[in-house]
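Participant: Sharing a structure here in structure tokens format.
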Amino acid sequence: MSEIRFGSLSWDQIITLDNILNEVVPIHGRGNFPTLEVKPKDIIYVVKNQLIGQGIIVKDTRLNGSTASYVLANHNGISYKDLDIIFGVVTPSDQEFQVVKDTVLRCLLDFLPKGVKKEKITLKTMKEAYVQKMIKICNERDRWSLISLSNNTGKNVELKFVNSLRRQFEFSVDSFQIILEPMLDIYYDKNAKLTKESHPVVVAESMYGDFQEAMIHLKYKLICTRKPEEIRGGGLLKYSNLLVRDFKPASESEIKILERYMCSRFFIDFPDLAKQQKKIESYLLNHFIGEEKSKYNYLMTLHTIVNQSTVCLMGHERRQTLNMITLMALKVLGEQNILPNTENVTCFYQPAPYLFAERGYPIYYVTPGLPPVFFQPCHASPFHMPNGMF
């Protein structure tokens, strides 16, 4: 029996989608550039139409990832940050990706406030003012580009232009894509209205495969994936994030195997300590804005997984990575004023079987002139180790 990948949104879900597409999202400019006030429905519509005008074939537009999950299960405590929009495009050459980039930047000019003189503003200037990051991937299996527009609160508008992408999800709960054309048709048809009696059929697809199975995972906040070794970074950082947000593995026995695959792929993609640290810091920056108190629990969760499930590293490499993560956790505590000073800190990893035999959490020595301190993963406040414990 083949999997059913598609499902239709209910009226309540359509209302949630409508609210998201009509919400004004600020795109913050750098320097003296003004903030752009943008509704997602407007930028999607304008970009799509101008791409078509430039000869780019746009198959469809979709709301992707955590925002789509929020639409489908917002009553379940699901949250989202980035607005992740996918444009399904046919782009046979690198030149057309250049056309896509220029088209998006040109569209941003239309959202500048009235009174701003646009004539002398170049596309390069618009990129420097409003784009947080740009990515382009072109190889035999994957052909896509990403333009992320800046938002100081972490709610970036991410425009992804996909010709082909082998792996479009990490876990089943963020594998949903909602096809937006029926909503766009309603918005820009002067004679159409969005009502319960005459609302369009809006369809979502689970890139994980079985739509109903993925919905059960979302409803009960269960973690499940397939072939994490295909995911860049193995999904390790996202997996740790789900655990911190009270998601639970769908299968305790399978997750231990999957954790090993996640760790192995992470260390393949980020083989040295500097790359690992840069990736983790970037993940914290992009996913924990306004959630500073969650960073410590996240890092300690990541530490536990790396400690228990890494089988691909030499002992000293593993210890280096664990030390790096614990130092990052210590720095987070310092930034929250839980520690008096984190400028002069030396961290040594060693198991603490007499305290937490099952997990082997680290012990920290804080210098200069301070007694040893042990940090519990579930508590923000440290307590001093009694004399003689070493």
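The values are calculated or read from the model by the stated rules, or taken from the named source; none is laboratory data. All of these numbers come straight from a predicted model, not from anything done at the bench. Note that we place each Cβ from the backbone using ideal geometry, even for glycine, and neighbour counts take in every protein chain shown. Surface areas here come from the heavy atoms of the whole protein model, side chains and all, with no ligands, DNA or RNA. Shrake-Rupley method; radii C 1.70, N 1.55, O 1.52, S 1.80 Å.
Participant: Calculate what fraction, in whole %, of the accessible area of the chain sits on carbon and sulfur atoms when a 1.4 Å probe is rolled over the protein chains.
Facilitator: That fraction is 51 percent.
Participant: Moving to a separate point now. Just how far, in whole angstrom, is the range 219-251 from the range 52-72 if you go by their alpha carbon centroids?
Facilitator: 24
Participant: How large are Rg and Dmax for the range 201-283 when calculated on the C-alpha trace, in angstrom?
Facilitator: Expressed in Å, the Cα Rg and Dmax of the range 201-283 come to 14.3, 49.
Participant: Over the chain, what is the percentage of antiparallel beta bridges among all DSSP beta bridges, to the nearest 5?
Facilitator: Beta bridges within the chain, antiparallel portion: roughly 85 percent.
Participant: Here's another thing I want to ask about it. Among Pro271, Asn22, Ala73, pick out the residue whose Cα is farthest towards the positive end of the charge dipole of the chain, where Lys and Arg carry +1 and Asp and Glu carry -1 on C-beta, about the Cα centre.
Facilitator: Pro271
Participant: By how many degrees, between 0 and 90 and to the nearest 10, does the Cα long axis of helix 94-110 differ from the longest principal axis of the chain?
Facilitator: 80
Participant: Could you work out which residue, out of Phe169, Phe211, Phe111, moves most in a Gaussian network model of the chain, that is, has the largest mean-square fluctuation with Cα springs under 10 Å?
Facilitator: With Cα springs under 10 Å in the chain, the top fluctuation among Phe169, Phe211, Phe111 is at Phe111.
Participant: Full-extension gain between Asn286 and Ile216, please, as 0.36 nm times their residue separation minus the C-alpha to C-alpha distance.
Facilitator: Here the segment from Asn286 to Ile216 would lengthen by 22.5 nm.
Participant: Also: At 0.36 nm per residue, and after removing the present C-alpha to C-alpha distance, how many nm does the segment from Val99 to Glu23 gain when stretched out fully?
Facilitator: Result for the pair: 24.6 nm of gain on full extension.
Participant: Using only alpha carbon positions, build the gyration tensor of the range 233-321, then give the equivalent ellipsoid semi-axes as the square roots of 5 times its eigenvalues, largest first, whole angstrom.
Facilitator: 20, 18, 11
Participant: Suppose all protein chains stay in the model; what accessible area per residue would a 1.4 Å probe give for the chain, in Å²?
Facilitator: Value for the chain: 50 Å² per residue.
Participant: To the nearest 0.05, what FRET efficiency results for Ile52 and Glu140 with a Förster distance of 25 Å applied to their C-beta separation?
Facilitator: Once the sixth-power term is evaluated, E becomes 0.40.
Participant: Please give, to one decimal in nm, the separation of the simple spin-label points placed at Val201 and Arg106, each 7 Å out from Cα toward the Cβ.
Facilitator: 3.6
Participant: What's the Kirkwood radius of the range 93-172 in Å, using all Cα pairs?
Facilitator: 14.2
Participant: Let me check against my output: what whole-number percent is the relative contact order of the chain, with C-alpha pairs under 8 Å and at least 6 apart?
Facilitator: 13
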